[in-house]
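Derivation of every value follows stated rules applied to the coordinates shown; laboratory data play no part. Remember, predicted model here, so these are calculated numbers, not experimental data. No Cβ is skipped: glycine too gets one built from the backbone with ideal geometry, and neighbour counts run over all protein chains shown.
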Amino acid sequence: MNIKLFATLSIVLIISACQTTKINVPKHTLCPMPEGYILSEAIPQAEATINKCPQKFDQIFQRLIDIGKNKPDVMNSIHIQEMIKRLVRNNKVSERYSKTLYQSYLSIQFTSFPEIRPASLPGEIDSIKIALQRELAMKKEGIIECCADQEMYAKAEQEYARRVRFIEDLSMNVEYTNSLRK
């Protein structure tokens, strides 16, 4: 009797071990990320994806920057800029937002410079500097690593230093003015 029970259990275990669970994996996704190693070749795929899924604009933009790092070239920024113009013209992305994102990575202009309220500036200097440092790192990634434009990045660094000096000077003036009022 034990042998029959053992044999039955063995057969059941063997049969259950041989069964596989089928996992349905879609062959393609609706919003594929651009692929490849050459930015100009990834642009059409990026544009097609943004046309279907505009909410993926940030992720696709970052992916294009990463692809551009494989073959840094000044033309990479022009390819991205032209794509953005087409997307804005076709009303797929916001002009204001896309300009801000582009400038954060590929322009000497800083977008993270806040509206300054002199009265509260002394307490905000550290957070402003941190935001400017983050954006400078983004510019390094875009301007140098993706576009290989040392000259433009040097200008971005100068703009960064100018803005930091400005807020520091303004803060000292506010503190000085406040000390005179006491």
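A few points about this structure:
- The ellipsoid that matches the Cα gyration tensor of region 128-178 has semi-axes, each √(5λ) in whole angstrom, of 29, 10, 4, with the longest given first.
- Here the calculated FRET efficiency for Glu115 and Gln150, from their Cβ-Cβ distance with R0 = 25 Å, stands at 0.20, rounded to the nearest 0.05.
- Given their separation in residues at 0.36 nm each and the Cα-Cα distance between them, Lys71 and Glu41 gain 9.6 nm when the chain is fully extended.
- On the beta carbon distance between Asn173 and Ile108, with R0 = 25 Å, the FRET formula returns roughly 0.45.
- Sorted by Cβ density within 10 Å, fewest first, the residues Ile167, Ile50, Ile60: Ile167, Ile60, Ile50
- Couplings 3J(HN,Hα) of region 75-83, computed from phi: 5, 4, 5, 5, 4, 5, 4, 5, 4 Hz, in residue order, whole Hz [Karplus 6.51 cos²θ - 1.76 cosθ + 1.60, θ = phi - 60°; x for Gly and Pro].
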